[in-house]
Amino acid sequence: EIHIKEPIEKEVNPRLLPGELLLCEASTVYKYTQEDGSNRGTYGKLVCTNFKISFLDDDSASNDNEPEFKNKIVGENDITLQCVDQIYGVYDEKKKLLTGQLRKYPERLIIYCKDLRVFNFCLRYTKEEEVKRIVSGIVHHSQTPKLLKRLFLFSYASAAPNNTDGRNQTVMFDTLEDWRAELERTKGNVKYKAVTTNEGYRVSEKLPLYFVVPICISEESILKYEGRGIPIWCWSCHNGAALLKMSAFPKEQDDSTSQMQKAFLDGIYKTISKPPYELLRVDDLSSSLPSLQDIQTAYTRFKQLFLIDNSTDFWATDVKWFSLLESTNWLEIIRRVLKKAVEVTECLERQHTNVLLIEETATDLCCVISSLVQVMMDSYSRTMSGFQSLIQKEWVIGGHSFLDRCNHLHKSEKEEAPVFLLLLNCVWQLVQQYPPAFEFTETYLTVLSDSLYVPVFSTFFFNSQHQRDISTRGESLKTQSGPFRFLTVWDWSVQFDPKAQAFLNNPFYAEKPKLDKSQRKTARFKHQRQLSLPLTQAKPSTKRGFFREETDHLIKNILGRRIGKFINSSDEPPNNLREFYDSWHSKPIDWHGLLLPRIDGPEIKVWAQRYLRWIPEAQLHGGGTIAITAKILDLMEEVQSLQVKMDEEHSQAVSGDVHSVTTQRNSARLSSLFPFALLQRQSVKPALPTSTWKDLEDEDDLVRRDDEFLDLTGDMS
């Protein structure tokens with residue numbers, strides 16, 4: 001049975017961005033809704049541009065029922081070409097992966113996206129010529145290798161007016177002054193210096209234009225091996241210990257070259273191990289952490305759990321959820337990375353030892369560990385501007401190969417690995433364990449992960465600062481002269497209006513109190529001691545299920561049994577590390593001091609908002625953390641409006657620009673998938689994440705009963 005919504009009569013045209021061109025289109029395309037096993041859906045037009053694939057129905061033409069959290073660049077039925085993961089065609093009920101030239105065209109098209117959306121289009125009622133054009137166009141423009149200059153990034157930069165200030169207090173680290181300011185902020189300028197040796201990229205095209213090294217390192221040493229074997233500064237701890245990184249020498253060398261490089265390294269180590277420098281610990285991440293190939297394999301398995309076509313597929317995987325989850329090894333990798341960050345933190349904080357991270361290029365796992373250590377030890381990195389500056393410093397300017405790791409150009413799948421996504425998953429663990437310590441929310445992290453695939457911003461679309469600079473100086477496609485002016489992702493106003501941006505800011509953030517001058521001197525000493533002696537009472541950890549908080553008592557034991565293996569899957573921490581870890585967790589938490597993640601067993605969780613947001617069966621009607629946040633935002637708006645009224649009554653001068661954080665009023669009706677999906681239909685079965693569903697099948701009243709909505713507004717009144 002097919003439930004048909006009549007084809008639209010009025011012409012609906014896509015909304016094109018500056019520089020966006022319509023390449024091909026097909027009318028009378030039927031889009032299935034991803035709700036149940038039926039064939040419900042809607043007719044519309046499927047189009048492909050040089051920026052996105054878009055489905056247009058009659059709802060696209062109206063502004064009614066606009067979501068609270070609308071992205072101004074990518075709509076709910078839009079898929080950027082870089083966001084397309086795989087495309088399947090259905091031939092006589094058999095799925096086939098579509099790549100390259102097609103001999104036969106499918107009757108159905110299934111598009112799997114990197115943000116885990118699944119689009120299912122029926123082409124049975126579309127003209128044959130249009131089917132050929134649209135299918136060939138989508139496959140060609142989203143799956144075949146392309147040149148860097150063919151990215152939409154350049155078309156947009158040529159055509160769009162650049163009237164936005166992309167910095168927003170984010171330090172970009174593209175000037176010498178930015179590095180010197182960071183050295184001063186962290187009190188690292190006594191032992192380390194910002195160098196200009198790489199100006200004109202005469203040392204290496206892989207290194208940033210400016211970077212920081214120990215004062216004792218000479219310019220000749222930096223130039224000798226193109227920057228390899230040189231310890232590059234990342235961050236300095238309050239006690240003077242520093243975190244450093246180094247590009248390793250190639251392993252396969254002839255004996256004479258290896259001896260020369262070994263002698264060079266020995267000289268460097270001796271130089272930075274003498275006073276005034278602290279003792280040095282060297283950590284080769286290539287041997288102590290999973291390889292990039294292991295990370296890619298684990299994530300590929302993991303994401304398959306969430307690329308759900310329909311309810312039947314969902315419930316089929318639900319029965320064996322935990323065994324499937326454990327077999328992916330993704331949560332174990334997250335745990336190992338967090339554990340490594342705790343080890344480095346213990347060296348810096350407790351042992352007052354410098355830590356040198358070594359990796360082949362020092363632009364992958366070095367970025368992950370150095371970023372995590374700074375988030376855990378430096379409260380500035382837990383503010384929005386501080387976190388964005390950290391990403392700029394360690395990843396964007398630091399030379400992470402975003403083009404290759406995200407495979408934006410489809411050049412080589414061998415280079416692909418979700419390294420940046422691994423960092424965001426690790427930071428999310430900290431955000432959900434210690435919400436008051438972060439100025440930003442999990443929604444911010446989710447949106448940031450989505451922005452990886454939006455080629456309007458240059459932030460995640462280059463392999464190095466050198467590549468970015470060369471591309472920026474290139475001739476504009478439109479004017480044939482002058483540099484490109486790329487946008488940065490940190491200007492959130494490009495994607496969201498102020499009401500939507502309110503969801504990126506954490507209303508529960510415990511802001512750092514501002515001290516007067518008389519308090520500052522003593523406070524600094526006190527703060528330094530209390531980095532490992534937190535101030536406020538710690539709350540007991542909550543053990544939430546992956547799907548629904550109500551199922552805690554049903555799945556807690558299963559979680560312990562199933563995921564408890566993670567604790568023992570690798571070697572236990574040494575005694576001194578375990579002592580440091582246990583000692584910190586036994587004390588109250590200082591939200592602006594040191595944070596250590598809880599990494600034992602089921603404390604490592606699935607980032608539910610990112611991975612489950614498109615699955616209706618996984619939602620919690622009228623509840624979840626978003627309902628609480630929405631209620632808090634409502635109260636904040638009410639307090640602000642009352643304050644304005646009071647100010648007006650007292651005839652005080654007030655600004656007319658009151659920052660509004662209006663949200664959907666009836667928060668009791670919000671789904672836990674909000675703000676990414678509006679309230680969906682209710683599931684036929686209760687949304688339990690484990691095979692406990694089977695144990696409950698006999699209880700007909702539970703199975704057949706609809707989820708009840710909680711009247712939160714009534715309870716609070």
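In µm²/s, what is D for region 284-370 at 25 °C and 0.890 mPa s, where D = kT/(6 pi eta Rh) by Stokes-Einstein and Rh is the Kirkwood radius from Cα pairs? Don't skip to the end; give the middle numbers.
Numbers: Rh = 15.0 Å.
Diffusion coefficient, whole number: 163 µm²/s.
Any idea how far the Cα center of region 259-296 sits from the one of region 582-605, in Å?
Result: 28 Å between the Cα centres.
To the nearest 10 Å², what's I215's accessible area with a 1.4 Å probe?
Accessible area, nearest 10 Å²: 80 Å².
Mind listing the phi-derived Karplus ³J(HN,Hα) values for region 443-452, rounded to whole Hz, using 6.51, -1.76 and 1.60 with θ = phi - 60°, and x for any glycine or proline?
So the J values, rounded to whole Hz, are 4, 4, 5, 5, 5, 5, 5, 5, 5, 4.
Once you order the gyration tensor axes a ≥ b ≥ c over the Cα atoms, which shape class does region 105-172 get: rounded for a/c under 1.5, otherwise prolate or oblate by comparing a/b with b/c?
prolate
From the Cα gyration tensor of region 154-254, with a ≥ b ≥ c the square roots of its eigenvalues, which class applies: rounded if a/c is under 1.5, or else prolate if a/b is larger than b/c, or else oblate?
Values: a/c = 2.40, a/b = 1.32, b/c = 1.82.
Oblate, because a/c is 1.5 or more while a/b does not exceed b/c.
Non-local amide H neighbours of S671 (under 5 Å, H modeled in plane, Pro and chain starts lacking H): which ones?
Answer set, sorted by chain and number: G622, L679.
Could you work out how far apart the two model spin labels at E511 and Y125 are, taking each label as a point 7 Å from the Cα in the direction of the beta carbon, and quote it in nm?
My value for the distance between the label points is 5.5 nm.
Roughly how many percent of the accessible protein surface of region 22-144 is carbon and sulfur, given a 1.4 Å probe and a whole-percent answer?
Numbers: 2250 of 5370 Å².
Roughly 42 percent of what the probe reaches on region 22-144 is carbon or sulfur.
Starting from the Cα-Cα distance between K95 and R485, subtract it from 0.36 nm times their residue separation and give me the gain in nm to one decimal. It would help to have the intermediate numbers written out before the result.
Numbers: separation 390, 0.36 × 390 = 140.40 nm, distance 4.28 nm.
Using 0.36 nm per residue and subtracting the Cα-Cα distance, I get 136.1 nm.
Please turn the phi angles of region 211-224 into ³J(HN,Hα) values with the Karplus equation 6.51 cos²θ - 1.76 cosθ + 1.60 (θ = phi - 60°), one per residue in order, whole Hz, x for glycine and proline.
7, 10, 9, x, 4, 6, 7, 8, 5, 4, 5, 5, 6, 4
Rounded, prolate or oblate: which fits region 292-332, taking a ≥ b ≥ c as square roots of the Cα gyration tensor eigenvalues, rounded meaning a/c under 1.5, else prolate when a/b beats b/c? Before the final figure, lay out each step's value.
On the way: a/c = 4.36, a/b = 1.82, b/c = 2.39.
Oblate shape, in that a/c is at least 1.5 and b/c is the bigger or equal ratio.
How much FRET efficiency would the formula 1/(1 + (r/R0)^6) give for V639 and V190, where r is the Cβ-Cβ distance and R0 is 56 Å, rounded to 0.05? Let's see the in-between values first.
Numbers: r = 45 Å, r/R0 = 0.81.
Step by step, r from the Cβ atoms, then E = 0.80.
What length, rounded to one decimal in nm, is gained on full extension from R473 through to D309, with 0.36 nm per residue of separation minus their alpha-carbon distance? Mind dumping the intermediate values first?
Values: separation 164, 0.36 × 164 = 59.04 nm, distance 4.45 nm.
Computed gain between R473 and D309 is 54.6 nm.
Starting from 0.36 nm per residue, how many nanometres of slack lie between N13 and T175 once their C-alpha separation is accounted for? Could the numbers behind the result be given before it?
On the way: separation 162, 0.36 × 162 = 58.32 nm, distance 4.37 nm.
Full extension from N13 to T175 adds 53.9 nm.
Looking at the calculated P(r) for region 22-144, what percent of the C-alpha pair distances fall above 24 Å? Write down the numbers at each step before the final one.
Details: 1579 of 7503 pairs.
Tail of P(r) above 24 Å: 21 percent of Cα pairs.
Using a Förster distance of 45 angstrom, determine the FRET efficiency expected from the C-beta separation of L324 and K132, and round it to 0.05. Before the final figure, lay out the partial values.
Details: r = 38 Å, r/R0 = 0.84.
According to the calculation, E is roughly 0.75.
So what are the ³J(HN,Hα) numbers for region 603-608, from phi and the Karplus equation (6.51, -1.76, 1.60; θ = phi - 60°), rounded to whole Hz, Gly and Pro as x?
5, 7, 10, 7, 6, 4
Can you give me the long-range amide H partners of E360? Hydrogens built in the peptide plane at 1.01 Å from N, cutoff under 5 Å, separation of 5 or more residues or another chain.
Residues meeting the criterion, in which the H sits 1.01 Å from N, are A248.
Return the carbon/sulfur percentage of the accessible area of region 176-503, one whole number, probe 1.4 Å, all protein chains in place. Please list the in-between numbers first.
Numbers: 5800 of 11510 Å².
Here carbon and sulfur together make up 50 percent of the probe-accessible area.
Assuming a viscosity of 1.567 mPa s and a temperature of 4 °C, what translational diffusion coefficient in µm² per second does Stokes-Einstein assign to region 176-503, Rh being the Kirkwood radius over Cα pairs? Display every interim value, and only then the final one.
On the way: Rh = 21.3 Å.
After rounding, the answer is 61 µm²/s.
Given a Förster radius of 56 Å and the C-beta distance between H585 and K274 as r, what FRET efficiency does 1/(1 + (r/R0)^6) yield to the nearest 0.05? It would help to have the intermediate numbers written out before the result.
On the way: r = 36 Å, r/R0 = 0.64.
So, using R0 = 56 Å, E works out to roughly 0.95.
Mind listing the long-range amide H neighbours of R281? Cut-off is under 5 Å, sequence gap 5 or more, other chains count too, H placed in the peptide plane at 1.01 Å from N.
N354, V355, L356
What is the spread of the Cα atoms of region 321-387 along each of their three principal axes, largest first, in whole Å?
41, 29, 26
The values are calculated or read from the model by the stated rules, or taken from the named source; none is laboratory data. All values reported here derive from a predicted model rather than from experimental measurement. Neighbour counts run over all protein chains shown; Cβ positions are idealised from the backbone, glycine included. The accessibility values were calculated without ligands, DNA or RNA, using every heavy atom of the protein model including side chains. Shrake-Rupley method; radii C 1.70, N 1.55, O 1.52, S 1.80 Å.
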